[in-house]
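Participant: Before I ask anything, let me first share the structure, which is written out below as structure tokens.
The values are calculated or read from the model by the stated rules, or taken from the named source; none is laboratory data. Quick caveat: nothing in here was measured; it's all calculated off a predicted structure. In this analysis, Cβ positions are derived from the backbone assuming ideal geometry, glycine residues included, and neighbour counts consider all displayed protein chains.
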């Protein structure tokens with residue numbers, strides 16, 4: 001008989017014996033093999049997942065250690081079979097390795113059970129404002145059923161901005177703005193740099209800080225706005241073309257002085273290796289509305305929420321009682337803020353910056369008795385009628401934004417007037 005036939009007959013005999021024993025249920029001493037004594041989980045590998053991670057900041061960057069410090073709580077869950085006395089490591093990019101241990105011989109976690117790692121110390125590069133901290137869980141010397149859930153990322157955003165001193169450096173003849181800035185760390189120069197713009201951003205006016213650029217004897221007023229995580233994530237931002245030959249350039253229109261659309265801009269550098277990014281604060285470019293004296297009267301009353309006086313009395317021969325601006329002119333006249341010895345108000349004449357400053361200071365009764373040489377404007381000397389006002393402006397800490405010249409004879413703008421009134425209104 002061949003070996004193949006001998007094997008076949010032996011196998012058939014064993015199967016027949018098993019069937020006969022199974023059908024003979026009358027014998028009490030018969031023991032049927034049962035596979036139910038083994039569960040499927042005994043053969044299923046563990047499946048560790050990071051469900052959640054939260055951060056609590058514990059330290060800011062220093063000269064010796066330029067990193068933000070955090071304490072993390074990490075929630076881990078096992079979706080697979082029981083894990084017993086295993087070597088499990090929690091780690092992440094730029095983070096230390098942390099071996100989990102909750103039993104004498106390692107880390108154990110049953111099926112569908114969770115475990116919280118508390119106070120895991122992590123760091124984030126202090127050269128950047130934002131990015132991600134990534135957490136990873138790994139089982140050593142054993143299989144993990146599904147590794148797609150072994151990682152979890154937490155977004156980080158910290159202030160102050162790492163791109164500093166953003167400002168308008170120049171406006172070219174074709175309406176192009178040149179943006180000046182300073183990198184908080186020269187290493188950021190090797191990152192990808194972009195300029196982002198939006199015409200649809202909506203920001204609370206209380207967040208805006210007035211600023212000016214002296215552009216060849218013309219004043220361009222704009223606002224600086226503190227950046228934030230929420231603002232950076234706004235979906236209206238779009239990358240614009242820029243040049244790195246001299247600052248960064250951006251153009252909205254051929255005539256930025258008459259552009260009535262608000263534009264928002266900020267700079268961003270991104271590390272191409274890990275996605276960490278640094279940002280600047282935001283610049284808001286806005287309409288440069290030069291004020292006629294009639295406009296000034298209305299805005300002064302409106303910005304100060306003054307009660308309008310409208311009794312039809314004619315104080316100036318060029319202010320008809322039926323004109324739209326007559327009640328506003330009458331109101332500031334009754335407050336003693338405009339000359340009462342002239343027969344004309346000149347409502348269509350441009351209101352100068354010097355005239356507006358004097359009216360605002362007189363209304364808020366600003367102390368003019370300084371005279372200590374605080375100001376350094378090249379165009380307002382000690383013999384200038386505005387000198388006491390300029391000294392007070394500096395003494396109140398509100399003069400530095402005007403640069404080296406105050407330009408007292410330049411037309412006052414709506415932005416300029418609003419800045420003066422709101423600054424002193426808060427302290428009145």
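Participant: I need the full set of residues from the stretch 122-165 which are closer than 25 Å to residue 232 by Cα and part of a loop (DSSP other than H, G, I, E, B), in order please.
Facilitator: Correct list: 126, 127, 128, 129, 158, 159, 160, 161, 162.
Participant: Suppose the filter is surrounded by 14 or more Cβ atoms within 10 Å (Cβ to Cβ) and outside the structural domain of residue 423 (by TED's automatic domain parsing); does residue 262 pass it? Talk me through it step by step, then tell me what you get.
Facilitator: Details: surrounded by 14 or more Cβ atoms within 10 Å (Cβ to Cβ): yes; outside the structural domain of residue 423 (by TED's automatic domain parsing): yes.
Judged against the criteria, residue 262 is a match.
Participant: Still on this structure, please answer the following. Quick one: how many residues across the stretch 303-334 are over 43 Å from the mean Cα position of the chain (by Cα) and either part of a loop (DSSP other than H, G, I, E, B) or not assigned by TED's automatic domain parsing to the domain that holds residue 354 (or both)? Give the steps one after another, and end with the answer.
Facilitator: Narrowing the stretch 303-334 to residues over 43 Å from the mean Cα position of the chain (by Cα): 309-323, 326-327, 330, 333-334.
Now restrict to residues that are either part of a loop (DSSP other than H, G, I, E, B) or not assigned by TED's automatic domain parsing to the domain that holds residue 354 (or both): 309-323.
Residues that pass the stated criteria total 15.
Participant: Next question, about the same structure. Over 18 Å from residue 213 (Cα atoms), assigned to a helix (DSSP H, G or I) and assigned by TED's automatic domain parsing to the domain that holds residue 302: does that describe residue 422?
Facilitator: Working: over 18 Å from residue 213 (Cα atoms): yes; assigned to a helix (DSSP H, G or I): yes; assigned by TED's automatic domain parsing to the domain that holds residue 302: yes.
Answer is yes for this residue.
Participant: Scan the stretch 80-109 residue by residue and report those that are assigned to a strand (DSSP E or B) and at positive phi.
Facilitator: The initial filter retains those residues of the stretch 80-109 that are assigned to a strand (DSSP E or B), namely 83-91, 98-100, 103, 106-109.
Residues satisfying the conditions are 85, 106.
Participant: So residue 142 fits all but one of (1) surrounded by 12 or more Cβ atoms within 10 Å (Cβ to Cβ); (2) within 30 Å of residue 107 (Cβ to Cβ); (3) modelled with pLDDT of 90 or more; what number is the exception?
Facilitator: The failed condition is (3).
Participant: Residues that are modelled with pLDDT of 90 or more and either more than 21 Å from residue 166 (Cα to Cα) or touching a helix residue (DSSP H, G or I) at 6+ places or on another chain (Cβ under 9 Å) (or both), at least 3 per element: which strands (runs of 3 or more DSSP E) completely within the stretch 190-302 meet that? Full working, then the answer.
Facilitator: Values: elements: 192-198, 208-215, 218-225, 238-240, 248-251, 263-270, 277-279, 282-285.
Output list reads 208-215, 218-225, 263-270, 277-279.
Participant: Right, something else. Could you count how many residues in the stretch 171-182 are touching a residue at least 60 places away in the same chain (Cβ under 8 Å) and part of a strand (DSSP E or B)?
Facilitator: Qualifying residue count, the stretch 171-182: 7.
Participant: I would also like to ask the following. From the list 366, 360, pick out the single residue that is surrounded by 15 or more Cβ atoms within 10 Å (Cβ to Cβ) and not in a helix (DSSP H, G or I). Reasoning before the result, please.
Facilitator: Values: 360 fails: not in a helix (DSSP H, G or I).
Of the residues listed, the single one that is surrounded by 15 or more Cβ atoms within 10 Å (Cβ to Cβ) and not in a helix (DSSP H, G or I) is 366.
Participant: Could you give every pair whose Cβ atoms fall below 8 Å, whose first residue belongs to the stretch 226-239 and is under 20 Å from residue 206 (Cα atoms), and whose second residue is part of a loop (DSSP other than H, G, I, E, B) and modelled with pLDDT under 95, counting only separations of at least 6 or pairs across chains?
Facilitator: Cβ pairs passing all conditions: 231/201; 231/203; 234/201.
Participant: Next question. When you look at residue 112, is it surrounded by fewer than 18 Cβ atoms within 10 Å (Cβ to Cβ), in the same structural domain as residue 90 (by TED's automatic domain parsing) and in a strand (DSSP E or B), yes or no?
Facilitator: Taking the combined requirement at face value, the residue does not satisfy it.
Participant: Can you tell me which of 155, 165, 185 is without any contact (Cβ under 8 Å) to a residue 24 or more places away in the chain and more than 25 Å from residue 87 (Cα to Cα)? Working first, answer last.
Facilitator: Details: 155 fails: without any contact (Cβ under 8 Å) to a residue 24 or more places away in the chain; 185 fails: without any contact (Cβ under 8 Å) to a residue 24 or more places away in the chain.
Answer to the selection: 165.
Participant: Something else about it: Does residue 158 fit the bill of being modelled with pLDDT under 95, within 17 Å of the chain's Cα centre (by Cα) and closer than 30 Å to residue 69 by Cβ?
Facilitator: Values: modelled with pLDDT under 95: no; within 17 Å of the chain's Cα centre (by Cα): yes; closer than 30 Å to residue 69 by Cβ: yes.
No: the conditions fail for residue 158.
Conditions (1) in contact with a strand residue (DSSP E or B) (Cβ under 6 Å, 6 or more places away or on another chain); (2) modelled with pLDDT under 95; (3) surrounded by fewer than 20 Cβ atoms within 10 Å (Cβ to Cβ), marked per residue:
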residue	(1), (2), (3)
305	no, no, yes
311	no, yes, yes
317	no, yes, yes
323	no, yes, yes
330	no, yes, no
351	no, no, no
